[in-house]
Each structure stands twice: as structure tokens, then as C-alpha cells.
Amino acid sequence: MTVLEYLLLAGLVITAVAAPLCRRMLATVIVYMAFSLLMAVLWSLLQSPDLAITEAAVGAGITSILFFLTLKKIHALKGTRDE
């Protein structure tokens, strides 16, 4: 394994531990997004481009957008109001 792969694995462990420990929901969603992006890069390095594209699109893309919309809907984001 290369140094880059070790760094990505360390990043995955750090984000996996940090996500449930975050106190703010917005920070948790951002950490989850970082986890998905790291995982997509790791899949790409492991020569599995189909999984990398799926992880980037679904994990970091669509799911994160749905989480952000949910946080806005339940008024968990600061500065959002229904008008």
C-alpha cells in the first residue's frame, strides 16, 4: 500500500469517529460528506471506478443535499426562516 492509501484510511477512521461525536447537526453532515469523498477517492485508487462514481454521486452528492434540505426544513440551520 502507498502512503496516500494509508492517509486516506486514516482519514476514513477519523471521520467515522468524528461524525457521531459532533454536537451540531450541520457539522455531522459535513463530516459525513468528507467521509464519502474520501471513500470515493479510495475506490478510485483501488481501480474500481464504478463504485467511486456511485459513492461520489450518491454518498457525497444526493444524500448530503437531502440532509441539508432536512436540516433547513426542521430549522436546524441558523438564519433560515419560513416566509
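Per-structure values
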| quantity | calculated |
| --- | --- |
| Potential extension, residue 45-residue 27 segment - 0.36 nm per residue separation minus Cα distance | 3.8 nm |
| Kirkwood hydrodynamic radius over Cα pairs of the chain, then Stokes diffusion coefficient at 4 °C and 1.567 mPa s, in µm²/s | 94 |
| Degrees, to the nearest 10: 63-73 long Cα axis against longest axis of the chain | 10 |
| Where a label projected 7 Å from the Cα of residue 70 along Cα→Cβ would reach, residues of the stretch 1-30 with amide N under 19 Å | 16-30 |
| Simple spin-label estimate for residue 78 and residue 58 in nanometres, 7 Å along Cα-Cβ | 3.5 |
| Rounded if a/c under 1.5, otherwise prolate or oblate - the stretch 1-42, Cα gyration tensor axes | prolate |
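Bear in mind that the values in this text are calculations on the coordinates, not laboratory data. From a predicted model like this one, the values you see are computed outputs, not experimental measurements. Cβ coordinates were reconstructed from backbone atoms using ideal geometry, including for glycine residues, and neighbour counts include every protein chain displayed.
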